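The values are calculated or read from the model by the stated rules, or taken from the named source; none is laboratory data. The model shown is predicted, which means the values in this text are computed figures rather than measured ones. Counting neighbours? That spans all protein chains shown, and the Cβs are built from the backbone with ideal geometry, glycine included.
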């Protein structure tokens, strides 16, 4: 090989490496070379979605589906984008059409279940999550996440015993377990159901002891229930674990007539 030929080949290699170093550029180049390959457009859609360019992502997913209408992942991601854009009707139709085709992955079921939860259709969502457990018993899927979502559905629909039983199936070391309980407590507190809020915050603290945020929220709930001594003790415990929250709690307490100008201090 002559010296000039070697230089040309080296330059071509450098140019190709600079293109392939950037995934987006790689798939854009590939789309011009292989415009009839659905996977190419799907990958561009995923990259656009990761860059929060939702409209471009939709365009790419639709292109992938025009080539392969049975592309499960593209249909699922497109329905998810519609849901995020509050186009619930389109999203629901997209998921239901997809599930009717019996996809061999649990992902569309998870997304559809989340959509139903967003519409507060707890029993229907629970049915979808149970379908995941029945239809994919041997496929690897986030078992803890499925159980947490299922437990939330039961809690929101008033099936407390079933919710607790489902939470027990979640791995004790799963970091999302206590967070799920905390979220339930927050939702019940917002809805004015103080007893259920208290119950969930206490469960969160069982799974994650000394969690300052849960202790403080529990203290606020106890205060609203008129249990002022318990509230004071609980919030002081929270401050002992996170003293930097003292200023915010003092401001809140000072604006509360029943507590007057009581100053929160870190417990000794």
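Here are some conditions: (1) under 19 Å from the mean Cα position of the chain (by Cα); (2) at negative phi. Residue 86 meets all but one. Which one does it not meet?
(2)
Could you list, ordered by first residue, the pairs with Cβ atoms under 6 Å in which the first is in segment 204-228 and on the phi > 0 side of the Ramachandran plot and modelled with pLDDT under 95 and the second is assigned to a helix (DSSP H, G or I) and surrounded by fewer than 23 Cβ atoms within 10 Å (Cβ to Cβ), at least 6 apart or interchain?
Correct list of pairs: 210/241.
Quick check on residue 189: is it assigned to a helix (DSSP H, G or I), at pLDDT 95 or above, on the phi < 0 side of the Ramachandran plot and in contact with a helix residue (DSSP H, G or I) (Cβ under 7 Å, 6 or more places away or on another chain)?
The answer is no for residue 189.
Restricting to segment 192-202, name every residue that is closer than 12 Å to residue 218 by Cα and either without any contact (Cβ under 8 Å) to a residue 40 or more places away in the chain or outside any helix (DSSP H, G or I) (or both).
Hits for segment 192-202 are 194, 195, 197, 198, 199, 201, 202.
Per-residue answers, yes or no, for (1) within 27 Å of residue 192 (Cβ to Cβ); (2) surrounded by fewer than 16 Cβ atoms within 10 Å (Cβ to Cβ); (3) outside the structural domain of residue 197 (by TED's automatic domain parsing); (4) touching a residue at least 60 places away in the same chain (Cβ under 8 Å):
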{"residue": "132", "(1), (2), (3), (4)": "no, no, yes, no"}
{"residue": "137", "(1), (2), (3), (4)": "no, yes, yes, no"}
{"residue": "146", "(1), (2), (3), (4)": "no, no, yes, no"}
{"residue": "150", "(1), (2), (3), (4)": "yes, no, yes, no"}
{"residue": "157", "(1), (2), (3), (4)": "yes, no, yes, no"}
{"residue": "163", "(1), (2), (3), (4)": "yes, no, yes, no"}
{"residue": "166", "(1), (2), (3), (4)": "yes, no, yes, no"}
